[in-house]
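Novice: Please read through the structure below; I'll follow up with questions.
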Amino acid sequence: MSIIRDLEQDILKIVKSLGYDLDKVNLIPSGRKEFGEYQLNNAFSLAKQYHQNPKVIAENILNELEKDSRFCGLNIAGAGFINLSLSDEFYIEAMNTIKQDILSNIDKQEKKRIIIDYGGANIAKTLHVGHLRSADIGEALKRLTKLLGHEVIADVHFGDIGRQSGMVIYEIKSRYPNLCYFKEDFQGEEEELPIKVEDLQEIYPLASQKAKDDEAVMEEVRTITMQIEQGHPGYSRLWEKIKELSKQDIKGIYKRLNVDFDLWEGESDCYPYIPKVISLLKEQNLLRESEGALVVDVKQETDKEPMPPLVVLKTNGGTVYQTRELATLISREERFNPDEIWYLTDNRQELYFKQVFRAAKLSGISKDTTNLEFFGFGTMNGPDGKPFKTRAGGVMNLADLLDMVKQEIEKRINIDMVAEDKKEETAEKITIATIKYADFLPFRSKDFIFDVNKFSDLEGKTGPYLLYSTVRMKSLLTKANCDIENLHITKIKTQEEKEIFQLLLRMPIILENAFQEKSLNDISEYLYKLTSSYNKFYAENHILTCEDNALKESWLALTKIVYDTNILLLDTLGIMVPEKM
RNA sequence: GUCCAUAUAGCUCAGUAGGAUAGAGUGUUUCCCUCCGAAGGAAAAGGUCGUGGGUUCGAUUCCCGCUAUGGACACCA
């Protein structure tokens, strides 16, 4: 157990020894530092429970705490706030323990197997701004979940089938009707694609518009979509080729973002499981015909919200997104037997997943013991508060967005210290750090505003600030020119040092909260607080010229702990740290 | 229409298992490199926590009404 949780447990024991029943004690960093470093607010709830004066209870607890040499500066303020600080000896021992093994400052959880579905990349088009958050947040959650001791399987779950495939094939067919893939007697011959990946950016929206304007086109798109599903040889082969083209492009962008998956599978991989979806639903008598389609009723009496039936098979017999989601569930259950499956998408898909989860549980497609969770994230809006668009009003490609920010950052940074052949790589790392960190700061499920200026900012609470400070710590440790691993903290001189220690003790709680909320803003805020506390300390104390050797050693050891913590947390967020910048 | 979110400093956002004086960045106005990397540090100013009630010793936090904004509401994903 981490040091801070250990301490809370000990306080809990002390409170219980007084005859009070309590399940948890929180050591809260005090809002009023003049009273002490930490506060305990438990006297209030105990006062209610035992109909006693909170001040009396606080005094009882305080009397016991005073017997423990780890605590100092104990006092009671207000109606019953218990204030306390920790002794220097305690901090010194705690910090040396953490320095020895940074991972000891994390509370591992009971191991579960968790599938995280956070890609949602669509084959018909390149990644766009809407994919940024799921990539950033999903990747970081994956890393956090692993760090806390779980087994994680990350799945990109490509949108590689469905109407978009029909759209693209329709448009290519109308442009290049003589391609071998469109021949009646297609025999599996090959022909080079007449399009490049960039063309998809234009083909899909164009076809989409045509279908919207003309019902006859839409009908043909539906038919083609069905035919691809059913394995029409020419269409299927052509679609396979387009998939390869698009996947390469998409993988390249994920790589730039330092995002990686264990499974690069797509919706189409679930097709072998579709018949089983239908038969399971039939067995449970859940399928009903409605307006030509086959649906499952998922409404419950307690529902206040609209809960339409879930369409499983369309009037033309084709599947929809939700059907494939159910089939994918069977596949995941059978192949991986997970404890939990998390779906990370835009908030707008919440209802669909609710429907799918219900159908999956009703039919037994997903086991009762498998925990299906939806974690939505907010929309990225432009400075006008509306969904982010290009100047022309279209959807912005993710790669373009990255380049745009990178260009802006290259104008602002000064990387003279970086060797010529590393400059490009460094600028790229700074760019990704800037974007990701800005993306993590708002709470996961809230909409937020993307402003190029803000996302290219190098100063203040930003990715570059964290990178710069971390690189500077590294540089200092190198210049100290000694065996950093074997240094120990033996002395504490300033208040700034203690504030850093308090923050370091807090790390396990931050990680636990972030995991609980599935949001990275806690970790991001924490990194800023830790780094800025260190920077304040750094500005006020000249470490390398310190003449007190014991103090100098302690300060270097402190620097090492902060550095290691930053590296660990930045890596958890999926942010890469350059050697120099 | 039904349901779900959201509303906190000029701007962008944190925060609350109900707790002491509501925080940060940015912007504005100042100050700090003869010394470890100034992408840094220090300071000032900036708030009726959308609005009206209720519960409570105590509400930005919980409950109800209202207003505003965004979103969802079967054969798209």
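Novice: Quick check on my link table: of A:K243/A:K422; A:K422/A:K536; A:K304/A:K529; A:K24/A:K536, which ones sit more than 32 Å apart, alpha carbon to alpha carbon? Present the calculation step by step, with values, prior to reporting the outcome.
Specialist: Values: A:K243/A:K422 34 Å; A:K422/A:K536 30 Å; A:K304/A:K529 42 Å; A:K24/A:K536 34 Å.
As for pairs spanning more than 32 Å Cα to Cα, those are A:K243/A:K422; A:K304/A:K529; A:K24/A:K536.
Novice: Angle between the Cα long axis of helix A:463-480 and the longest principal axis of chain A, 0 to 90 degrees, nearest 10?
Specialist: Tilt of helix A:463-480: around 50 degrees.
Novice: Full-extension gain between A:K251 and A:K24, please, as 0.36 nm times their residue separation minus the C-alpha to C-alpha distance.
Specialist: Values: separation 227, 0.36 × 227 = 81.72 nm, distance 4.57 nm.
Value of the extension gain: 77.1 nm.
Novice: To the nearest 10 degrees, how steeply does helix A:3-17 sit against the main Cα axis of chain A, on a 0 to 90 scale?
Specialist: So the inclination is approximately 70 degrees.
Novice: Over the Cα atoms of segment A:163-256, what Rg and Dmax result, in angstrom?
Specialist: 13.4, 42
Novice: Further, regarding this structure: Label A:E283 and A:E547 with points 7 Å out from Cα along Cα→Cβ: what is the distance between them in nm?
Specialist: My value for the distance between the label points is 8.3 nm.
Novice: Within segment A:328-403, what percent of beta bridges assigned by DSSP are antiparallel, to the nearest 5? Kindly include the intermediate steps, with their values, before the conclusion.
Specialist: Values: 1 of 8 bridges.
Bridges in segment A:328-403 that DSSP calls antiparallel: roughly 10 percent.
Novice: Another question, then. Which of the listed residues, A:I102, A:G463, A:S85, is farthest toward the dipole's positive end in chain A, when Lys, Arg count +1 and Asp, Glu count -1 at the beta-carbon?
Specialist: A:S85
Novice: Ok, one more. Could you tell me what a quarter of the Cα convex hull surface of chain A works out to, in nm² with one decimal place?
Specialist: Values: hull surface 132.7 nm².
Taking the Cα atoms of chain A, their convex hull projects to 33.2 nm² on average.
Novice: Below 8 Å, C-alpha to C-alpha, sequence gap of six or more: please give me the relative contact order for chain A in percent. Don't skip to the answer; put the middle values down first.
Specialist: Working: 868 pairs, mean separation 86.1, N = 581.
Reported relative contact order: 15 percent.
Novice: Right, another one. Please give the contour-minus-distance gain from A:N41 to A:E110: 0.36 nm per residue of separation, less the Cα-Cα distance, rounded to one decimal in nm. Provide the component values of the computation, followed by the final result.
Specialist: Details: separation 69, 0.36 × 69 = 24.84 nm, distance 2.89 nm.
Residue separation times 0.36 nm, minus the Cα-Cα distance, leaves 22.0 nm.
Novice: Run through the DSSP bridge list for chain A and note the antiparallel percent, rounded to the nearest 5.
Specialist: On the way: 20 of 41 bridges.
About 50 percent, rounded to the nearest 5.
Novice: Another question, then. A:Q52 to A:Q9: FRET efficiency via 1/(1 + (r/R0)^6), r the Cβ-Cβ distance, R0 35 Å, to the nearest 0.05? Working shown, then result.
Specialist: Values: r = 24 Å, r/R0 = 0.69.
The pair A:Q52/A:Q9 has a calculated efficiency of 0.90.
Novice: Shifting gears a bit: May I ask you to evaluate 6.51 cos²θ - 1.76 cosθ + 1.60, the Karplus curve with θ = phi - 60°, for each residue of segment A:553-560 and list the ³J(HN,Hα) values in order in whole Hz, giving x for glycine and proline?
Specialist: Karplus-based 3J(HN,Hα) across segment A:553-560 equals 4, 4, 5, 5, 4, 4, 4, 4 Hz.
Novice: Another one. Expressed in nm to one decimal, what extension gain is obtained for the pair A:M417 and A:L458 from 0.36 nm per residue of sequence separation less their Cα-Cα distance? Walk me through the numbers before you get to the answer.
Specialist: Numbers: separation 41, 0.36 × 41 = 14.76 nm, distance 1.66 nm.
Result for the pair: 13.1 nm of gain on full extension.
Novice: In straight Cα distance, which aspartates and glutamates are under 16 Å from A:K196, not counting same-chain residues fewer than 8 positions off?
Specialist: Within the straight-line cut-off, A:K196 pairs with A:E171, A:E240, A:E244, A:D249.
Novice: Further question: Over 30 Å between Cα atoms, which of A:K146/A:K251; A:K247/A:K429; A:K389/A:K580 qualify? Kindly include the intermediate steps, with their values, before the conclusion.
Specialist: Values: A:K146/A:K251 22 Å; A:K247/A:K429 23 Å; A:K389/A:K580 34 Å.
Result: A:K389/A:K580 exceed 30 Å.
Novice: Please give the residues of segment A:77-109, grouped as numeric ranges, whose backbone N is less than 16 Å from a label point set 7 Å along the Cα-to-Cβ vector of A:N371.
Specialist: Taking a point 7 Å out along Cα→Cβ of A:N371, the residues of segment A:77-109 whose backbone N falls under 16 Å are A:108-109.
Novice: Size of segment A:3-86 along its principal axes in angstrom, Cα-based, largest extent first?
Specialist: Dimensions of segment A:3-86 along the principal axes of its Cα atoms: 30, 26, 20 Å.
FYI, it's all coordinate maths here, none of it is from the lab. No experiment lies behind these values; they were computed from the predicted model shown. Don't worry about glycine lacking a Cβ; one is built from the backbone with ideal geometry, like all the others, and counts go over all protein chains shown.
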